[in-house]
1. Within 10 Å, Cβ to Cβ, of A:SER130, how many net charges do the neighbouring residues add up to if Lys/Arg are +1 and Asp/Glu are -1?
2. May I ask which residue of B:THR14, B:LEU97, B:SER80 lies farthest towards the positive end of the charge dipole of chain B, with charges of +1 (Lys, Arg) and -1 (Asp, Glu) on Cβ and the Cα centre as origin?
3. Quick one: compute a quarter of the convex hull surface over the Cα atoms of the stretch A:36-96 and quote it in nm².
4. Counting only helical runs of four or more DSSP H residues, what would the 222 nm mean residue ellipticity of chain A come to if each run contributes -39,500 (n - 2.57) and the total is spread over all its residues?
5. Of A:LYS229/B:LYS99; A:LYS222/B:LYS114; A:LYS193/B:LYS36; A:LYS222/B:LYS51, which ones are farther than 30 Å apart at the Cα?
6. Output needed for the stretch A:1-160: three equivalent-ellipsoid semi-axes, defined as square roots of 5 times the C-alpha gyration tensor eigenvalues, in descending order, whole Å.
7. Please identify the longest segment of chain A free of exposed GluC sites (Glu not before Pro), where exposed means a DSSP state other than H, G, I, E or B and no more than 10 other Cβ atoms within 10 Å.
8. Nearest the rotation axis from B to A, which residue of chain B has its beta carbon, and at what whole-angstrom distance?
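No lab work stands behind these numbers, since they all come straight from the coordinates. All values reported here derive from a predicted model rather than from experimental measurement. In this analysis, Cβ positions are derived from the backbone assuming ideal geometry, glycine residues included, and neighbour counts consider all displayed protein chains.
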Protein chains: 2
Amino acid sequence: MKEIVIIGSGNVATHLALGLFGSGNKIVCVYSRNEKNAEALAKEVNAKATKNLQEIPTAADLYLLAVKDDAISEVSESLSVQGVVAHTSGITDINALKKHKCFGVFYPLQTFRKEVEIDLKQIPFLIEASDNETVQFLKNIASQLSEHVFETNTQSRQTAHLAAVFANNFTNHLFDVAQQILQQNNLPFDMLKPIILQTAMNVQTHLPQEVQTGAAARGDEKTIEAHLKLLNGNPQYKRLYELLTKSIIEKK
Amino acid sequence: MKEIVIIGSGNVATHLALGLFGSGNKIVCVYSRNEKNAEALAKEVNAKATKNLQEIPTAADLYLLAVKDDAISEVSESLSVQGVVAHTSGITDINALKKHKCFGVFYPLQTFRKEVEIDLKQIPFLIEASDNETVQFLKNIASQLSEHVFETNTQSRQTAHLAAVFANNFTNHLFDVAQQILQQNNLPFDMLKPIILQTAMNVQTHLPQEVQTGAAARGDEKTIEAHLKLLNGNPQYKRLYELLTKSIIEKK
């Protein structure tokens, strides 16, 4: 059982606070600039809430900075505490926390939304720290939450974050483009839900290259031409189609 | 109960044959140029197999052409039968079948793999036909398989197919790119499986634009720069990153 301070009250802060509380740790305090959010989360994990960094207890075991990437440095600088300080960002330099004696990264590779329940057990946690003892400390805590804990370096963590941008941000944008294309033709997005789910299911048991299908993978130029014709009124989506098709063809 | 001839023995042919057989129809014959495949599928649906188009019974109710898009015309021309002839393609012109008296399209909007079980009930079937009676005939059969049967025209069907290319082919290619990026850094693709599944789950209950996250959506240029730096050795993936990021930013 560790004493933990949660800094932040957003999607990541919420899921980690609930997970750490649920696995028997004591959440001593939840800080957020947004007092209402801090209070709501604090209530769920039996902690006190504050919107004042100076009110944070200084002797907790772990300070988890689950705030926006561009706020990490600033919050860290304002923080004078004795325990381990770790941020949860996939891309932010670990040295943003270097004013502290022991610091690290505690990065859960998942997309979180407060209102969506997530099984933390399956989520990869990427751990990096200032020293071996802190690595071990953070790995132990991550292991309470997940079966998939990795010790990484900055290059690996940032690479994993970049890969996740392709697998999540960009993929979701393609779903958005597909939805726009349907909507322009008065077709419901519901039509695509089964194929979207199946596409994600296929790569749970196969490498993506093993399950790649479609006109580009087949080199079916007639179909590609038909698609491009349908996109004639939409130069932005047409450019995306052309570049992604080219990329699939070059991969073959 | 209808008498149905399945032409083809690939992924789509297999799932439709099994579904139609399972919902009480009689599959009278399975045709494939590949005799072994024809026999394997025929055995599962209690049908005779043939690799000779001339051996196909001429008086069945429905001839389902589940062959490659570029083979549809040719197979149709070689076919002299009395029943309804329908292809299963999302993009091929319905008039590829116009030599027949009654013809149509029976397009299941899903990505099929023989070895992966699929619940046909959830899959949209897009129906188009030469005349109202044939539309009704094909809709009735599709309704035996699925709860989501749509009568469409060619423009709508081809648009749905195009949207599915974004949601499946291109999405899977992004998973492939993500896997390559991880592999180049000796990281396992397993890391991305939970986020890929969650990304697909999020749009089952929300529009993609409502759940778009990431550096591009936030306008977080520092993170975008860090990602581009990681992609320096890989001009093709960098171009994809830039175009997709631009597309997300322009969408805002």
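1. Numbers: positive: A:LYS98, A:LYS101; negative: A:GLU128, A:ASP131, A:GLU133.
Combined, the nearby Lys, Arg, Asp and Glu give -1.
2. B:THR14
3. Values: hull surface 17.9 nm².
Over all viewing directions, the stretch A:36-96 projects a mean Cα-hull area of 4.5 nm².
4. Values: 10 runs with 111 residues, N = 252.
Result for chain A: -13500 deg cm²/dmol, rounded to the nearest 500.
5. On the way: A:LYS229/B:LYS99 26 Å; A:LYS222/B:LYS114 25 Å; A:LYS193/B:LYS36 34 Å; A:LYS222/B:LYS51 27 Å.
Checking Cα-Cα distances, A:LYS193/B:LYS36 exceed 30 Å.
6. On the way: eigenvalues 86, 66, 43 Å².
Equivalent ellipsoid of the stretch A:1-160: 21, 18, 15 Å, largest first.
7. Working: sites that count: A:GLU115, A:GLU117.
Formally, the longest exposed-site-free interval is A:118-252.
8. Here the nearest residue and distance are B:ALA200, 2.
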